[in-house]
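Let me begin by presenting the structure, written as structure tokens, before commenting on it.
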Amino acid sequence: MTDGVPESGVDPELSKAIAELSREDVPESERKRLLRRVARAVPVRRIGTMFRPKTVVRWMADTLADVAPYIPVRDLETLRRHHDGLEGDALAERLVRNASRVTAGVGAAGGGIAAVEWAATPTLLTAPVLLAAETVAVVAVEIKLIGELHEVYGNPVPGTGPQRAMHLIHAWSQQRGFNPLMPGVGVGAVLGTAARKELRDRLLRRFGRNLTTLGPLLTGAAVAGYLNRRATQLLGDRIRDDLRQRGRGAIEGRVVD
């Protein structure tokens, strides 16, 4: 959403790793390397603390707020060029499918790493850390998807790069399309207290669900990939339905909340 080097206070390597993980064409070996890079940034290493996830959820929320402006959301012209001239529902369907494959790939990478490390007791403690890194990467992919679906349906998210990023985070937290008429949606480039709490609550649900299913993660790549694919597909379908409904409402002169 912005170009150049991240601003002061944002880890450039972390921002780059998360942005790269959101791409559609990253090889599996590179995904594992990037996921390990994100995991190294997680500030918590004690397993007991990780199973009390408020600290790590705070880190995830802060990290997403910092790096979201650098997640590469393509405009409509670029999307059509990258997808054989598709447009409308056909293009949206392709984007949801591809994003679901990317998050499945992230889950497979995390599941593969965890399954290998299961054999070594000392490194088993890194499994929740991997889940935190995986969650951040998956949410970044989904934020990108939301932004690009807005482009497809003729409702690009307004504002500067940082402002658009905050709007997309808000949309992800609500699992809905961006609506400038919603209370609490301003033009600031920083998440307000209420929006940050909403983001943390959504992340806590996502991370907590994953944390309670460490067994599937540790069984390897297939199950971990499936869980992410399903969640992203459901989100994409929900956003598409929301944006289509708003488009129909605009044509008919109605305001859609």
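Evaluate region 124-139: report whether one residue or more is crowded, with 23+ Cβ neighbours inside 10 Å, charged (D, E, K, R) and either in contact with a helix residue (DSSP H, G or I) (Cβ under 6 Å, 6 or more places away or on another chain) or modelled with pLDDT of 90 or more (or both). Yes, that holds for at least one residue. For region 154-177, the set of residues classified as outside any loop (DSSP other than H, G, I, E, B), in contact with a helix residue (DSSP H, G or I) (Cβ under 8 Å, 6 or more places away or on another chain) and within 18 Å of D242 (Cα to Cα) consists of L168, I169, H170, A171, W172, S173, Q174, listed by residue number. Selection of helices (runs of 4 or more DSSP H) fully inside region 1-106 by the criterion of at least 1 residues being at pLDDT 85 or above returns 12-21, 28-41, 54-67, 76-82. Remark: pairs (first residue in region 24-53, under 15 Å from V106 (Cβ atoms) and polar (S, T, N, Q); second residue surrounded by fewer than 14 Cβ atoms within 10 Å (Cβ to Cβ) and modelled with pLDDT under 65; Cβ separation under 6 Å; 6+ apart in sequence or on different chains) are absent. The set of residues from region 229-243 being within 15 Å of F178 (Cβ to Cβ) and hydrophobic (A, V, I, L, M, F, W, C) comprises L235, I239, L243.
The values are calculated or read from the model by the stated rules, or taken from the named source; none is laboratory data. Note that this is a predicted model, so its numbers are computed, not measured. With ideal geometry, Cβ positions are generated from the backbone for all residues, glycine too; neighbour counts draw on all protein chains shown.
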